[in-house]
There are 2 protein chains.
Amino acid sequence: MRIEILCTGDEVLTGKIVNSNFSYMSQKLEDVGLSVIWGTTVGDDRERLLEAFRLASSRADAVIVNGGLGPTVDDLSQEIAAKAAGVELVLNQEWFAKMEEFFTRRGRAMPPNNKKQAMLPSTAEILDNPIGTACGFALDIGKARFFFTPGVPRELRRMLEEQIIPRLLAKVGRSVTIHLKRFHSYGLGESHVDTLLTGIEEMAPDGSIKLGFRAHYPQLETKLLVRGDDMDDVRRKLAPVEAEVRKRVGNFILAEDDQTLESVVLQALLSSGSTLAIAESFTSGQVAARIAHLAGAETVFRRGAVARDLAHVRAAVGLEPKSVAATPETAREIAEALRGHAGASHALAVLVDLDEGADRLEFGGNIAIAVASEGETVTRQSRLLGGREWVRLGAVEMGLDCLRRYLQRLPVDEKIDFEKR
Amino acid sequence: MRIEILCTGDEVLTGKIVNSNFSYMSQKLEDVGLSVIWGTTVGDDRERLLEAFRLASSRADAVIVNGGLGPTVDDLSQEIAAKAAGVELVLNQEWFAKMEEFFTRRGRAMPPNNKKQAMLPSTAEILDNPIGTACGFALDIGKARFFFTPGVPRELRRMLEEQIIPRLLAKVGRSVTIHLKRFHSYGLGESHVDTLLTGIEEMAPDGSIKLGFRAHYPQLETKLLVRGDDMDDVRRKLAPVEAEVRKRVGNFILAEDDQTLESVVLQALLSSGSTLAIAESFTSGQVAARIAHLAGAETVFRRGAVARDLAHVRAAVGLEPKSVAATPETAREIAEALRGHAGASHALAVLVDLDEGADRLEFGGNIAIAVASEGETVTRQSRLLGGREWVRLGAVEMGLDCLRRYLQRLPVDEKIDFEKR
């Protein structure tokens, strides 16, 4: 089945909004073996919307349209859908009543301009939106089935999963199973991993495994797209290849599939009944913010101490507030003091001495990391080059990855591609 | 000039990467009065790439292609560009030498598969990439000028600003000036602000001002797109309208144009020689991470204390670690203690009692906020509904906005649309 995604709205076309809805939809469809073949973005412009609807309907079997269902004057999806399908817009009493109830339940009066959201093409089939006032709907335009979805991400997500994907799967008779196997790593560049994995595709018969990458600093995702007759066939083809990837990329693999670095760390702490405290400087709370809010972290995360000045970091963990550099010794002293101060079994210190001045080619930061547990402290020192944000993101990742390595009893100081030798 | 953006790559098409490059490019072009009329996304697929290149070249005057210039087998942009233009791929010696120098400078050997990045269509004009190995280039396909850019965001950004925008502006003779005026607010929904601003477009002659919104929870951006003969004409038309927007949306406007909530707060603290400490619970370091890493914050931000458990928050600021609820009194006590403990002139406490259990319609969190300064502490209590992430994002924003309001001598407890009454 040829599926297209059509994103509408000046906000998206002019870049005021980053189009994360597109990637979300596409990814969810991939997960169930459906592929998007084409993506289009147009603004809140009647003529171009109509042109885009017509182009998509001539190419695709199914088209998911996102956005333009809101209450304001620049929301045009219902109007243009009706025009493209050659039908009238009519007030949907059922949806209008739902909207009134929605506002009542939240203790608010419905603004008059929200009524527009219940005006639907007469041939539309309603796609329920249990958490918002934008009404989803489906209808045929030409030979393609169009699915109209709200721009608000959580409303879209629920509608896609509960309403649209079941309808698409019912439409399609799948003879092939597609599975995406993913490995997440930190510290090796895309070219490096590509070289490490030379010949890996040839381990599977008939080009049934395709290797790909997603470079997403500071992490790299290595992807194996597997085609098979069914899930058993997929597993058979994948098994030797995934084992080989684990062998070649080794300790750098920090998580697989839907796992994240922070979920792996949290799980390791949870399963050993450990607790965690974090001290950080230039990363400014970002290390703690990656892990401490997760469900389950309330029993694991004890305390975070943040300061830009290392003397203040020292003061926050009960040490004499003297001026120090971000060295392994400093990180060790802070992690050990923090561990006692916060009453945690494990303490992580991520300290950065950022270069002075503006971003430039050789701009970077010296990073010192320590992980302290009962009777043992390990340290890591590194220098990352790149702009302020680059160094900050890298330091957050390196800090969490050192903790991951420590908890998995791997060396914490394997050199990475991104650091100055 | 009709400009299109064509994003390539399985990573983008399958949603493994959120396409922030598209929004970045489109926004930068808008800023200089150029508009993107159409966006297309296709994967690493020879046939569809060729089709997309041909379609875009038949519609547009200029096409910016993003991605596909990397060293790996799935990077196809140079090959398909050559094919679409009907020319050969040749090794560009100049770029090859630059790449070798690039690796040498970083103390790394160039992997052999990087050579592919110096293979360019014979008619290509090089677009310099001073910070990466992907070679940008421009060439004509049909009647359109194509600009090929790397997928790595910071490389793309630099190439767009230094190489492509000057070429596009040289191509175009502008007779009209376009200016985008933006207001950022927190706490009022899009419909609400739309209603508040009824009739605002009619204050300017000949439809020269267009009102639009970007709902980006928890903030809302209100946009006035102004057309005029020149910048003076734009300013004349805009002046009465922007004054009226400020009057109607009032205290809820937290920043304008490129300002952010955190930059406004930082500026207010800097200009009064103040210092800041932050205590937070479920927001887990995210409040501190919004402001403490900014340039200039090193002299302002003293300390952040993070814990999921309010007893641990108390302990971190030197109070007796007893179990407490997130009430205004708790927030007041913590903010005042933190202020002394960290030696800061101002302290912000953002505390959340999150509901237990899984996300559901009525799931929410009770939020208590306090801002303490010398001799004065103000508090705010609220209940936000929505999922875990919704509550967390809302609490971060509400905390920073309370601080902004306090520093600007505005009431910190004006009710917002998102909170339970």
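The numbers here are math on the coordinates, done by the rules we state, and not lab data. Everything numeric in this text was worked out from a predicted model, so none of it was measured. Every residue, glycine as well, gets a Cβ built from its backbone with ideal geometry; the counts of neighbours run over all protein chains shown.
The figures follow:
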item	result
Hull-based mean projected area of region B:291-421, where the convex hull spans the alpha carbons, in square nanometres	8.3 nm²
FRET efficiency estimate (nearest 0.05) - Cβ-Cβ, A:ASP257 to B:ALA109, R0 35 angstrom	0.60
Hydrodynamic radius (Kirkwood) for the protein assembly as shown, which is based on Cα pairs only, to one decimal in Å	28.6 Å
By average C-beta atoms within 10 angstrom, highest first, the peptides A:207-214, A:394-401	A:394-401, A:207-214
Taking region B:213-310 and dividing mean pair separation by its residue count, relative contact order in percent (alpha carbons under 8 Å, at least six apart)	19 percent
B:GLY43 long-range amide H proximity, modeled H, under 5 Å	B:GLY9
Theoretical gain in end-to-end length, B:MET1 to B:VAL90 [0.36 nm per residue, Cα-Cα removed]	28.9 nm
Inter-site label distance for B:LYS171 and A:LYS247 at 7 Å from Cα along Cβ, in nm	5.1 nm
For A:ASP355, label point 7 Å along C-beta direction: distances to other copies, nm	5.0
Lys/Arg +1, Asp/Glu -1 at C-beta; region A:109-164 dipole; positive extreme among A:LEU139, A:MET119, A:LEU160	A:MET119
Rel. contact order, % - alpha carbon contacts under 8 angstrom, at least six apart, region A:261-407	25 percent
Innermost chain A residue relative to the axis carrying A onto B, by Cβ distance in angstrom	A:GLY285, 2
DSSP-defined beta bridges in region A:261-407 - what % are antiparallel, rounded to 5	65 percent
Proximal lysine pairs, region B:145-274, alpha carbons under 15 Å, eight or more residues apart or interchain	6
Calculated diffusion of chain A, Stokes-Einstein form, Kirkwood radius summed over Cα pairs, 4 °C and 1.567 mPa s, µm²/s	52 µm²/s
Residue-averaged beta-carbon neighbours from other chains (10 angstrom radius) around B:294-303	4
Förster-model FRET efficiency, 25 Å R0, B:THR299 and A:GLU329, C-beta, rounded to 0.05	0.45
Added length on full extension, which subtracts the Cα-Cα distance from 0.36 nm per residue, A:THR198 to A:ILE178	4.9 nm
Percent RCO, i.e. relative contact order, over chain B, from Cα pairs under 8 Å lying at least 6 residues apart	10 percent
Point-charge dipole on Cβ atoms (K/R +1, D/E -1) for region B:177-256, about Cα centre, debye to 20	220 debye
Rounded to the nearest 20 debye, dipole of the protein assembly as shown from Cβ charges on Lys, Arg, Asp, Glu	260 debye
Cut-off 10 Å between beta-carbons: net charge of the residues surrounding A:TRP390, Lys and Arg +1, Asp and Glu -1	+1
Simple Cβ-charge dipole of chain A, Lys/Arg +1 and Asp/Glu -1, about Cα centre, in debye nearest 20	300 debye
Positive dipole terminus of region B:261-407, leading residue within B:VAL300, B:SER382, B:VAL317 (C-beta point charges)	B:VAL300
Cα→Cβ-extended label distance, 7 Å offset, between A:ARG154 and A:ALA239, nm	4.3 nm
